[in-house]
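Read the structure below first, then the notes.
The values are calculated or read from the model by the stated rules, or taken from the named source; none is laboratory data. What you are looking at is a predicted structure, and each value in this text was computed from that prediction instead of being measured. So basically every Cβ, Gly included, is an ideal-geometry build from the backbone, and we count neighbours across all protein chains shown.
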Amino acid sequence: MSDYDRIAEAISFIINRVNNQPTLEEIARHLHLSPFHFHRLFSHWAGVTPKRFLQVLTLERAKQLLSESRPLLEISDSLGLSSSSRLHDHFIHLEAVTPGEYKMGGAGLTIEYAVHDTPFGKAFIAITPRGVCSFSFLDNAEADGHLTNLLKKWPHATVHKNHQRTFAIIKTMFGKKQILDRPVSLHVSGTNFQISVWKALLQIPPAKVASYSQVATATGRPSSARAVGLAVGANPVALLIPCHRVIQQSGRLGGYYWGETRKQAIHAWESARYE
């Protein structure tokens, strides 16, 4: 098992027993590891102890984060490249594909892709000269389906594998904190409403959350929470467009396209890095 697989199994075990507050020994025994080895592995991966992670999982904590959330459009004023800011270690610029570009199907466009290891399992990433156009977590380490979808979306583009260029983005996403001299760019296509939702998601700081209704209000359509959910599910760039930060009004995490366990893992990872 990879470290992610072990931690994912530990997270599933903890989630199913969070009300009982399982001990370190109980979790380690489930993974067939010694308590010392498990504690070291978990802390190395997440930067936080298993005990702290149990606190992250509580429903009350999620409710507190929701109650503390300022309107998303207010938060945008605090974003940027400030070494003193703890909100972001990088910032993201989203550029939408124009209708004309979409109609051209990527003609004249070069797209590079690769599969990389991440703390949350293998991931498929594709980039254009203007930014990241696709990022998806893989289950069973299969990339063929993601590549097929990419070719369908950009049928006239030149597409080839480039591990070195795509790794630069992976390093930015998962490496140690750093201040960048330029934004991380995204190059995505979607309806006007989807784009507005994705831009609203970019205003949610790491280790914070927002409800679907809060995101709907940020788009100027407060009664469209259900449509927001569909737009969140259509997000083509996992993690960089942080759909994992949207949760139910009750404080429950809700669904996640790449799996609820992975969503829990990402929340714990962000909490360790930013809180």
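Looking across the stretch 122-175, the residues that are charged (D, E, K, R) and assigned to a helix (DSSP H, G or I) come down to Asp144, Lys152, Lys153, Arg165, Lys171.
Just one of the listed residues (Leu65, Leu94, Leu73) is at pLDDT below 65, in contact with a Lys or Arg (Cβ under 7 Å, 6 or more places away or on another chain) and not in a loop (DSSP other than H, G, I, E, B), and it is Leu65. Restricting the first member to the stretch 92-115 and to residues that are farther than 11 Å from Ser189 by Cβ, and the second to residues that are surrounded by fewer than 19 Cβ atoms within 10 Å (Cβ to Cβ) and aromatic (Phe, Trp, Tyr), the beta-carbon pairs closer than 9 Å and six or more apart or on different chains are Ala114/Phe167. Here Gly251 fulfils each of the conditions (1) in a loop (DSSP other than H, G, I, E, B); (2) more than 25 Å from Thr49 (Cβ to Cβ) apart from (2). When Gly131, Gly145, Gly121 are screened for being farther than 20 Å from Asp5 by Cβ and modelled with pLDDT under 90, only Gly145 passes.
Check the stretch 211-218 and report whether any residue there is of a type in the set (S, T, N, Q) and in contact with an Asp or Glu (Cβ under 6 Å, 6 or more places away or on another chain). Checking the stretch 211-218: not a single residue is of a type in the set (S, T, N, Q) and in contact with an Asp or Glu (Cβ under 6 Å, 6 or more places away or on another chain). Scanning the stretch 223-252 for residues that are buried (at least 19 other Cβ atoms within 10 Å of the Cβ), more than 16 Å from Pro205 (Cα to Cα) and touching a residue at least 40 places away in the same chain (Cβ under 8 Å) returns Ala231, Pro236, Val237, Gly251. Taken together, the criteria exclude Pro183 from residues that are out of contact with any strand residue (DSSP E or B) (no Cβ under 9 Å at 6 or more places or on another chain), at pLDDT below 90 and of a type outside the set (Asp, Glu).
Exactly one residue out of Arg226, Arg245 is under 17 Å from the mean Cα position of the chain (by Cα) and at pLDDT 90 or above: that is Arg245. Within the stretch 107-121, the residues that satisfy the criterion of being buried (at least 18 other Cβ atoms within 10 Å of the Cβ) and not in a strand (DSSP E or B) are Leu109, Phe120.
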